[in-house]
Ligand code: ZN
């Protein structure tokens, strides 16, 4: 009988910290006890066998998103740049919240800085949390904050969210549309990538527009990583990766963390919860076929996007694993997809 053990899941992206605002000790303790409606909290992470992942720190844009319906899809006008002081305040608050969570969790969640830390957390059944910055809006052109955040534990930076900042331009949400939506990295953006390489901070290409992607690809000396994205050839959303981009990630021995968001996986782009798990599996199959089983992982976007009913929260991860097994992935492949590939890429990125 073949091994069907549920592998430990290491996930490329969640927005779960957002739910812990305003980030006092009492607020963050809710993660430990469980939060109704949250996709990831400690009890659900346990049920889904989550061993860790990238915990995004994100400064949100004021106001909501205005979705404009077009003839064949939709678009959201690009958000304005954030005021740097506002971005810094919001970023510090959320980072402080993660460290408070680590303290009140009594060892059940650890902020990890090395792959050895992650393996130790797995061994201790503690959640390994990578401090990730989704949009570097809080960092000035002097990169002083980058140095300090790195000392604090920052190990992953997405230069932009879907809005412009001093480093580059994000992709606005548009469907169907090309990710080639605007200018690439600025000079400050190029400095940021070089500084991340020097410090051993992962640079996440998620939400960069296509020119920004190629600028990172041409500059970085680390594997190219999209922590949460999907396949443009299946779902032609601006935030998804074209075949050329996917091939470049493969050639760099990088990784794509597959986003579970329904509007990023469904071929029709609809924000429809009634979406089967096969929609996610189709993206994983496509990527595995194109760049190999060693370069694909999960990048759920839990607590940041609409999830399918079939995978409402982390406790549903065993069902996704079952769906993948039914597509023919054996236990060795499952372990790679669930966490092995992430650890390989982190080892190659952080050790410098
Ligand atoms: Zn995101």
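A Förster radius of 56 Å, combined with the Cβ-Cβ distance separating residue 71 from residue 151, puts the computed FRET efficiency at roughly 0.65. What does the C-alpha gyration tensor say about the overall shape of the stretch 123-206? Classify as rounded when a/c is under 1.5, otherwise prolate if a/b is larger than b/c, or oblate. Oblate, since a/c reaches 1.5 and b/c is not below a/b. Distance between the C-alpha centers of the stretch 208-267 and the stretch 303-352? Whole Å please. The stretch 208-267 and the stretch 303-352 have Cα centres separated by 17 Å. Among 299-305, 309-315, 27-33, the peptide with the highest mean count of other Cβ atoms within 10 Å heads the list, and the full ranking is 299-305, 309-315, 27-33.
By definition, a body whose alpha carbon gyration tensor gives a ≥ b ≥ c is oblate when a/c is 1.5 or more and a/b is not larger than b/c, and the stretch 1-117 fits this oblate description. On full extension, the segment bounded by residue 272 and residue 119 gains 51.4 nm, given 0.36 nm per residue less the C-alpha separation.
Scoring 275-282, 125-132, 151-158 by mean Cβ neighbours within 10 Å over their residues and listing the highest first yields 125-132, 151-158, 275-282.
Spatial offset of the stretch 67-87 relative to the stretch 161-193 amounts to 13 Å, using the alpha carbon center of each. Starting from the Cα gyration tensor of the chain, take the square roots of the eigenvalues, sort them a ≥ b ≥ c, and report rounded, prolate or oblate (rounded when a/c is under 1.5, otherwise prolate if a/b is larger than b/c, else oblate). Rounded, because the longest to shortest axis ratio a/c is under 1.5.
Subtracting the Cα-Cα distance from 0.36 nm times the residue separation, let me have the gained length for residue 32 to residue 293 in nm, one decimal. Write down the numbers at each step before the final one.
Numbers: separation 261, 0.36 × 261 = 93.96 nm, distance 3.37 nm.
Stretched out fully, the residue 32 to residue 293 stretch lengthens by 90.6 nm.
Grab the DSSP H runs of the chain that are 4 residues or longer, score each as -39,500 (n - 2.57), total them, divide by all residues and round the 222 nm result to the nearest 500 deg cm²/dmol. Write down the numbers at each step before the final one.
Details: 13 runs with 129 residues, N = 352.
The per-residue figure over the chain is -10500 deg cm²/dmol.
So if we plug the beta-carbon distance of residue 103 and residue 6 into 1/(1 + (r/R0)^6) with R0 = 41 Å, what FRET efficiency do we get, rounded to 0.05? That pair, residue 103 with residue 6, gives E of 0.90.
Taking R0 as 56 Å, what FRET efficiency do you get between residue 331 and residue 25 from their Cβ-Cβ distance, rounded to the nearest 0.05?
Numbers: r = 41 Å, r/R0 = 0.73.
With R0 = 56 Å, the Cβ-Cβ based efficiency is 0.85.
None of the figures in this text is laboratory data; all of them are computed from the coordinates on show. Only a predicted model underlies this, so the values are computations on that prediction, with no experimental measurement involved. Note that we place each Cβ from the backbone using ideal geometry, even for glycine, and neighbour counts take in every protein chain shown.
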